[in-house]
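*Asks:* Quick one: the structure is below, questions incoming.
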Amino acid sequence: MSQQISSEEPERMGIFDIWFEALTQPREETFTRIAAQPNATTGNALVWVFVATLITGMVAAVVQTFSVRSMFSDPFFSEYMPEGFGGAISIGTLACSVPIGAVLGVLSFAITVGIIQWVAKLFGGIGSFEKLAFVMAAISVPVSLISALFSLLSLIPYVNILAGLIAFAFFIYVLVLEVTAVKAVNYFGWGQAIGSVFLPVAALFLIACCCIAALSAMLGPVINDMFNTINQGLY
């Protein structure tokens, strides 16, 4: 049964309190209270996402720096590449791609939330893009920061396997949080909430598969010709 909309103004929460409760208290009441916060605006949600994406991008650049340096320390690569080339790649990535990635991350977040809320409306949801974006940001931002920690752990030999398993379990938990958040914001049943989250994902997956199949069909003959040419050159 859907919960009733409360007219009582909730206690004002700090940013870190919102993030902490969003991750540790997977209940409808939690997300209803978060959505009713006075600062629950689209602007705040997008700012959170931008900053989090910027931080995770910087961490990814650090991870790439170590990976590139490890690769170019191999004699096979170092023989053909100029000295400092690996570091230059990492610095260039940090300076150029991280801010662009943060902007794209915000755009991707807004589009994803918009599609989910549009589907929720089709299922009879009464929520708004603004409230759903704020609640989703309260989930995704701390998740992004925790994921950045996992990426740092991946640099440690053998620990990366355990970090990968934990990250997978965490991903499933985040899906549960997002479904609960959609249900809380739109005041409808679990079936509608699950459909609102998973139908857009399934649609995007099918679109991606169709695009890959189309590209494979177009590029397949070209790739085969390239391999045939290479094989003929070897013999």
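*Asks:* Name the pairs whose Cβ atoms lie under 8 Å apart, with the first residue in the range 193-214 and in contact (Cβ under 8 Å) with a residue 12 or more places away in the chain, the second open to solvent by 50 Å² or more (accessible area, probe 1.4 Å) and among the polar types (S, T, N, Q), and 6 or more positions between them or separate chains?
*Replies:* Correct list of pairs: 200/112.
*Asks:* Let me ask something else about it. Mind checking which residues of the range 173-197 are open to solvent by 20 Å² or more (accessible area, probe 1.4 Å) and either of a type in the set (Phe, Trp, Tyr) or at pLDDT below 90 (or both)?
*Replies:* Selection gives 173, 187, 190.
*Asks:* Next up: Of all the residues that make up the range 40-58, how many are without any contact (Cβ under 8 Å) to a residue 60 or more places away in the chain and over 17 Å from residue 98 (Cβ atoms)?
*Replies:* Count: 1.
*Asks:* So which of 88, 148, 102 ends up being modelled with pLDDT under 90, out of contact with any helix residue (DSSP H, G or I) (no Cβ under 8 Å at 6 or more places or on another chain) and either under 16 Å from residue 54 (Cβ atoms) or open to solvent by less than 70 Å² (accessible area, probe 1.4 Å) (or both)? Please lay out each step first, then the result.
*Replies:* Values: 148 fails: out of contact with any helix residue (DSSP H, G or I) (no Cβ under 8 Å at 6 or more places or on another chain); 102 fails: out of contact with any helix residue (DSSP H, G or I) (no Cβ under 8 Å at 6 or more places or on another chain).
Within the list 88, 148, 102, the selection yields 88.
*Asks:* Take the range 7-31 and flag every residue that is in a loop (DSSP other than H, G, I, E, B) and either at pLDDT 95 or above or under 20 Å from residue 178 (Cβ atoms) (or both). Steps first, please.
*Replies:* First, the residues of the range 7-31 that are in a loop (DSSP other than H, G, I, E, B): 7-14, 25-27.
Matches in the range 7-31: 13, 25, 26, 27.
*Asks:* Restricting to the range 122-141, name every residue that is closer than 20 Å to residue 191 by Cβ, open to solvent by 40 Å² or more (accessible area, probe 1.4 Å) and touching a residue at least 24 places away in the same chain (Cβ under 8 Å).
*Replies:* Across the range 122-141, the qualifying residues are 123, 124, 126.
*Asks:* Consider residue 165 carefully, then state whether it is loosely packed, with under 13 Cβ neighbours inside 10 Å and either at pLDDT 65 or above or not in a helix (DSSP H, G or I) (or both). Outline the logic, then answer.
*Replies:* Values: loosely packed, with under 13 Cβ neighbours inside 10 Å: yes; either at pLDDT 65 or above or not in a helix (DSSP H, G or I) (or both): yes.
Criteria met by residue 165.
*Asks:* While we're on this one: Give me the pairs, please: first residue somewhere in the range 95-117 and closer than 29 Å to residue 186 by Cβ, second residue anywhere and not in a helix (DSSP H, G or I) and not aliphatic (A, V, I, L, M), beta-carbon distance under 8 Å, and either six or more positions apart or on two chains.
*Replies:* Pairs that qualify, where the first residue is closer than 29 Å to residue 186 by Cβ and the partner is not in a helix (DSSP H, G or I) and not aliphatic (A, V, I, L, M), are 117/125; 117/127; 117/128.
The values are calculated or read from the model by the stated rules, or taken from the named source; none is laboratory data. Computed from a prediction, not measured in an experiment: that's the story for all the values here. Cβ sites come from the backbone with ideal geometry, for glycine too, and all protein chains shown count toward neighbours. Surface areas here come from the heavy atoms of the whole protein model, side chains and all, with no ligands, DNA or RNA. Shrake-Rupley method; radii C 1.70, N 1.55, O 1.52, S 1.80 Å.
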